[in-house]
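A short worksheet on the structure shown next.
The values are calculated or read from the model by the stated rules, or taken from the named source; none is laboratory data. Quantities reported herein were computed from a predicted structural model and do not represent experimental measurements. Cβ atoms come from the backbone with ideal geometry, glycine included; neighbour counts cover every protein chain shown.
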Amino acid sequence: MELVEKMDRPNLLSLTNTWILCAILLVFASLYGFSFERGSTNTFLGADVAGLAAGNQQEATIIKVQNIAVYILSALCILPFIQPVWRRVRENAPIFLVLGWAMLSVLWSDMPSTTAVNALRMAINLALVIYLFERYSSNDIQKLMMLVGCVAAAGSIFLVFVFPRYGLQSRGLYALGAWEGIFGQKNICGLEMLMLLLPAFFVKLEGAYTRILRGGYIVIVLGIIAMTRSAGAWVVTALCLGFVGLLQLTARMRRKDAVVVALGAAAAAAIVGLILVANYDAFMQALDKDPTMTGRTVLWAGLVHIVMKRPMLGYGYMAFWQGLNGPSRYLALMLNWPGLGDSESGVMEMLLELGIVGLLLYLAVFARAVKDGLTCFSRGASAAALWYISILFFVVATNIEGGLLLAPSNLTCILPFVAFVGLRREAKRLHERQIA
């Protein structure tokens, strides 16, 4: 309650909207549905037979109804602000070019109806991003994300100890008993909780009591990430914590000193990276993972050949992975993996769906955000700007061995657009202040 009470809210409607948004964002964090909605996949046979993104018909219906409800609620939040939202979309048009390309891919998609529906979903997701900036301050958006994290953490701990058949992973001997909480899989749990942890390091809170709560939140979320036993989440968490520490340290330094420290850190990271590459097998064994990264390298080798058949345009937004019914049929049969549902790589996924053009559009938006981040950092970045910069780093770190870049109903794909828009606003504000 403390986090909600600190938000700027003129009336009860604001509090209601806050909890509605919390529910919406929590569903987006779950990706494929909550663990208690996908019980059939959390068994020794369930995931092998159906794949993570599938389940029995009753579960699929529940998740479908839930998603429809979430998008209706999103529309109800956005509609009263439709004019200012549309104005902000036009002002930030370059950021949303990649969404326009996704919509245009209906023209060449192998599954045009699937592409159209998912492009509309992504459009609503990004309209919700603009709505957040219209309705809340940057600091309140961070509090809102922490509120989502509090609910996710509490729900996860409750399921682990009260309903372990949902809270603990039971789909095979590998990582048997690992925490997945309210999420559908341990890796998802680890990365989504990390995304919801980041604002805790930058949000402005008043009073000693709220600072104690922040410390408790950080400890609990890190504990949940540790209990997922997800090597990927552990590595990304270590990288992000190191980056956050470096960011906060250099933000307090003089510009020249900060540049020296940043260059030194970059050089040290490059050396460590080269050492890890040279000792790749030993490093993977230390993480208790096989050198193929649980089959990822084999999968990527097969996908390269498929990407090269349509290198420029791809197969259409969200149109490639259709099991044995779409263009993924060949790969699923070749790898004897009927439940295969994603490429385990954000970059590869973008190439499959939107081709080189789509990937370049996204990279252009990302590069502009990096430029805005550097501008903000060099001129005394606000706490919000530092949070946005940490999100950019999270995107890079998660896409080293997995990740997604432009998937609807996915909080880790939505929050980067919060960073893109937020950094653009911060850079413009600093520019206007300099002119004045």
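Flag: Ile220 matches the condition of being closer than 20 Å to Phe161 by Cβ and touching a residue at least 60 places away in the same chain (Cβ under 8 Å).
The listed residues are Leu249, Leu299, and the only one of them that is over 25 Å from Leu374 (Cβ atoms) and either surrounded by 13 or more Cβ atoms within 10 Å (Cβ to Cβ) or at pLDDT 90 or above (or both) turns out to be Leu299. Here Ala383, Ala397, Ala407 are screened, and the one residue that is over 19 Å from the mean Cα position of the chain (by Cα), among the aliphatic types (A, V, I, L, M) and crowded, with 16+ Cβ neighbours inside 10 Å is Ala383. Here Asp8 meets the list (1) under 21 Å from Cys189 (Cα atoms); (2) modelled with pLDDT under 60; (3) not aromatic (Phe, Trp, Tyr) almost entirely, failing just condition (1). When the range 304-325 is filtered for residues that are among the small types (Gly, Ala, Ser) and buried (at least 18 other Cβ atoms within 10 Å of the Cβ), the ones remaining, listed by number, are Gly314, Gly316, Ala319. Total residues in the range 306-355 satisfying the condition of being touching a residue at least 60 places away in the same chain (Cβ under 8 Å), in contact with a Pro (Cβ under 9 Å, 6 or more places away or on another chain) and part of a helix (DSSP H, G or I): the figure is 0.
Quick grid of which residues meet (1) at pLDDT 90 or above; (2) in contact with a strand residue (DSSP E or B) (Cβ under 9 Å, 6 or more places away or on another chain); (3) in a helix (DSSP H, G or I):
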residue: Tyr388; (1), (2), (3): yes, no, yes
residue: Ile400; (1), (2), (3): no, no, no
residue: Gly403; (1), (2), (3): no, no, no
residue: Pro408; (1), (2), (3): yes, no, no
residue: Pro416; (1), (2), (3): yes, no, yes
residue: Ala419; (1), (2), (3): yes, no, yes
residue: Leu423; (1), (2), (3): yes, no, yes
residue: Glu426; (1), (2), (3): yes, no, yes
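Is there a residue in the range 82-99 that is among the hydrophobic types (A, V, I, L, M, F, W, C), modelled with pLDDT of 90 or more and either within 30 Å of Leu168 (Cβ to Cβ) or assigned to a loop (DSSP other than H, G, I, E, B) (or both)? No, the range 82-99 contains no residue that is among the hydrophobic types (A, V, I, L, M, F, W, C), modelled with pLDDT of 90 or more and either within 30 Å of Leu168 (Cβ to Cβ) or assigned to a loop (DSSP other than H, G, I, E, B) (or both). Take the conditions assigned to a helix (DSSP H, G or I) and either crowded, with 18+ Cβ neighbours inside 10 Å or charged (D, E, K, R) (or both) and apply them to Ser113. Does it pass? Judged against the criteria, Ser113 is not a match. Does at least one position in the range 350-363 carry a residue that is of a type in the set (Val, Ile, Thr) and over 29 Å from Met253 (Cα atoms)? Looking through the range 350-363, at least one residue is of a type in the set (Val, Ile, Thr) and over 29 Å from Met253 (Cα atoms). Filtering the range 138-179 to residues that are basic (Lys, Arg) and crowded, with 18+ Cβ neighbours inside 10 Å leaves Lys143, Arg171.
Apart from one condition, His431 fits all of (1) more than 25 Å from Trp101 (Cβ to Cβ); (2) not in a helix (DSSP H, G or I); the exception is (2). The helices (runs of 4 or more DSSP H) found entirely in the range 184-254 that carry 2 or more residues being closer than 30 Å to Arg379 by Cβ and within 16 Å of the chain's Cα centre (by Cα) are 186-197, 231-251. Test each condition in (1) of a type outside the set (D, E, K, R); (2) within 28 Å of Asn325 (Cβ to Cβ); (3) surrounded by fewer than 15 Cβ atoms within 10 Å (Cβ to Cβ) for Ala119 and report the one that comes out false. Of everything listed in (1) of a type outside the set (D, E, K, R); (2) within 28 Å of Asn325 (Cβ to Cβ); (3) surrounded by fewer than 15 Cβ atoms within 10 Å (Cβ to Cβ), Ala119 misses just condition (3). Every listed requirement among (1) free of Cβ contacts under 8 Å to residues at least 12 places away in the same chain; (2) in a helix (DSSP H, G or I); (3) of a type outside the set (Val, Ile, Thr) is met by Leu176 save one, (2).
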